[in-house]
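The values are calculated or read from the model by the stated rules, or taken from the named source; none is laboratory data. Since this is a predicted model, take the numbers as computed values, not measurements. Cβ coordinates were reconstructed from backbone atoms using ideal geometry, including for glycine residues, and neighbour counts include every protein chain displayed. These area figures cover heavy atoms from the full protein model, side chains too; ligands, DNA and RNA do not enter into them. Shrake-Rupley method; radii C 1.70, N 1.55, O 1.52, S 1.80 Å.
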Amino acid sequence: MVWWTCFLIATAASGLSAFCDRDLNVYTNPKRVLSGDPFELICSYEPCRGEGNHFLLSSDRHKLDTVHVDNFTIKHRVTKTPPEGGIMIFICVNDRTQLSRAIEVRPKLNVKDFECISRGDILVAECIFSQLVFRGFWESIKYYLSIDGGENHQCQSMGNRIQCSNQYLLTDTEMPNLTFTLEMRFGYTLQRQIFRFNRAEIKVPHWPISPPIVSQKPGHLTCVDFGSYAYYDRYEWKLMLFPQNPRVGLEKELRPIHRRLLRGMDEICFKTPHYYNQTFVVHLWRRYTSENNNNAWTRDFYAVKFTTDTYRPGRPPYLLSDVFYYETDTKYLHVFWHHMFSLEFGDSDLTYIVRTDTSKKALHTGEGSAIFDKWEPTHPATVLVWSKNSVGQSENSSKLIVPVLANFELHQAQDLWYHKENQTMTWKPPKDVNKLISYIVIWCFVSSNITFICEDQKAIQSEPVPASMQTFQFKTQAADLNKAVVALYEDGSSGGMVWNGPSFTDSTTGESKSSGSEEIFYIGGSVAVAFLPIIAALFRKLKKMSQIDIVFPVGLFDCTEVKNELTQPSAPITIPGSVPPRGIVNTKITMMKIIPEEDLKVPSSYVTMNEPSIESSLYVPTREPDIAPSSYVATEKPIVVSMSYVTVDNTTLRERTVRLSYE
């Protein structure tokens, strides 16, 4: 008996010690927490640890309000849980230790976008709905679908969507009500959600197997014909237009136009986009017509691709009224119109026909302007412009009346200035302000083609200005743009454009513009100044080299004036400065000959010298000049050859003269 008592005491002591070594205990009530439902978070520890501080923290370590269940247990009521499920972190703390616990909040099955369709007469329902927001549970959750209590079929995950399909039975009723049961299984948790549909609500028409016929109809209509179908079927349509050229614009919804034909044929039409020769794709959806318009649309769309026809341009370009520019020195007349994009007519061959009412054709025609040469300023004229593409020219033309330009300067704005600091252009009124009604300010990018003033690929801009004002402020810096002002008169006697900008240096001074040539000049000058010391050093070096000279005795080559037997030296003597001072000149005598006294008044001899050769020495001669052996009888009189040369020391750059003489 004593032995048994001692055993119980020892066992109790060891068990109590082992139990006190355990961590804190954190749990929830109820055991499984569902999203949207409140729950109680409970934390307790064993009495063997003794009393002390005991509290709960949230995941961001904020202290939570707790209630004591007893001296060793506290609890906190959680009222807000993630609506789609998730993980919530809590921390239980006492004086000796702390415990972090992750509470799994399971999602509650509450699908709000459950949709089903049944294609034609096939008794198969296809349903789809969105996945849960919390991706951490996607792999753990399984969905099943049954119809009218039939067999469950597991659903498939399609990215962030769940797709289910199942068969149903055909009853005596034409449009029966169907009950769809969706099950969600998460571990040992099973939840169900019920949906009810009438078969008419989920039935959608089939798309035909053969492709439809797309055609252009009168009235600028494009029609899609899917062929014949059951006469009693009636459809509603939904259409979206998707341009294939991003310059055309963004996608937009089209208004369907029905064309009911005979024998159960039906065409769905829409207004053809006004862009010529452009490709579009139209997505079509349809559903059965019903009184309450709650039937399902086809889930998949039918895509139809078509290209609009190309027609001749429907309009001419819009000429700028009273806007022209006359050059008195060249007698050129420039006319301008608003830029037209080939996209509007769908033809890359968009051009213009420009002539006068007297059949005078423009010398140069661009995409936004034209130039006439040999303009007669003493007669008025009308300029006509047509647009043209590969199909033909526009039916109508734009007109511009050019008045007599004999005294056109009287009707032009004066002293046109552009002030770069405030982006403002100012001018003075014309000399003749009688019947002046307003001004037009025009600006454009400088043309890359020097023939034209404005860049063809970019639109010309214009703004009206009242006659009482002689100033215009640009929204952005316009120093590098060509800018003009036109004075408008009631009787159309405008003097045309007065320009200011990079292309018109004669009309701009001071603040008017900055064409960029000044910057180039300054950069070039800076580079030249930087190279001046190098140029000066090279000049001094060349000057010293040019002082190399060879001195020959006076009269040595005077015999060149004698008759036929005398000739010039076989090679020219080195010109001073042409050979650098790297060595000495080695002069060789190639022949000597006695000239008879009867031919000359004074007997003498002559020598000819070959071109000097350069020895390897850089400072002093290493040997004396060689005298070539003569094949003639030596003269009785001694021949004295004397020479001198100047050399430059390569290290000290000092000159030194060396003189040599030979008999």
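List of remarks:
- Ordered by 1.4 Å accessible area with all protein chains kept, H411, H206 run largest first as H206, H411.
- Computed lengthening from R161 to A406, 0.36 nm per intervening residue step minus Cα-Cα distance: 80.3 nm
- In order along segment 268-274, the phi-based Karplus estimate (6.51 cos²θ - 1.76 cosθ + 1.60, θ = phi - 60°) of 3J(HN,Hα) comes to 10, 10, 7, 5, 5, x, 7 Hz; Gly and Pro are listed as x.
- Residue-level accessible surface for D329, protein heavy atoms, 1.4 Å, Å²: 130 Å²
- Additional length obtainable on full extension of the chain from N245 to H153, 0.36 nm per residue less Cα span: 28.6 nm
- Shown in residue order for segment 466-481 are the 3J(HN,Hα) couplings computed by the Karplus curve 6.51 cos²θ - 1.76 cosθ + 1.60 at θ = phi - 60°: x, 5, 7, 10, 10, 8, 8, 9, 7, 6, 10, 5, 10, 4, 9, 9 Hz (x for Gly and Pro).
- The phi torsions of segment 418-426, fed into the Karplus equation with coefficients 6.51, -1.76 and 1.60 and a -60° offset, translate into couplings of 10, 9, 5, 5, 10, 6, 10, 10, 10 Hz, rounded to whole numbers, with Gly and Pro shown as x.
- Residues Q423 and D309, FRET efficiency given R0 of 41 Å [Cβ-Cβ distance, rounded to 0.05]: 0.35
- When you restrict to C-alpha pairs under 8 Å that are six or more residues apart and normalise by the size of segment 267-418, the relative contact order lands at 23 percent.
- A probe of 1.4 angstrom, applied to the heavy atoms of all protein chains, finds D373 with accessible area near 40 square angstrom.
- Distance violations [Cα-Cα > 23 Å] among K388/K483; K360/K458; K271/K305; K80/K108; K217/K399: K388/K483; K360/K458; K217/K399
- The length gained on full extension between D70 and E46, counted as 0.36 nm times the residue separation minus their Cα-Cα distance, comes to 7.5 nm.
- Mean separation of Cα contacts under 8 Å (6+ apart) over length of segment 342-410, as relative contact order %: 31 percent
- Shape call, segment 185-339: gyration tensor on alpha carbons, a/c limit 1.5: prolate
- F39 accessible area, assembled protein chains, probe 1.4 Å, Å²: 0 Å²
- Cleavage-rule hits (trypsin sites (Lys or Arg not before Pro)) in segment 403-476: DSSP loop, at most 10 neighbouring Cβ within 10 angstrom: K475
- Cα centroid separation, segment 407-449 to segment 279-346 (Å): 35 Å
- Cleavage-rule hits, trypsin sites (Lys or Arg not before Pro), segment 364-410, DSSP coil, Cβ neighbours within 10 Å at most 10: K374
- Against the criterion of solvent-accessible heavy-atom surface with a 1.4 angstrom probe, M340, M88 sort, most first, into M88, M340.
- Calculated P(r) of segment 295-386 - Cα pairs past 14 Å, %: 71 percent
- Filtered chymotrypsin sites (Phe, Trp or Tyr not before Pro), segment 303-345: DSSP coil and at most 15 other beta carbons within 10 Å: Y311, Y318, F341
- Estimated inter-spin distance, N29 and K80, nm [label 7 Å along Cα→Cβ]: 2.4 nm
- Per-residue accessible area (protein heavy atoms, 1.4 Å probe) orders H153, H419, H220 as H220, H153, H419, starting from the largest.
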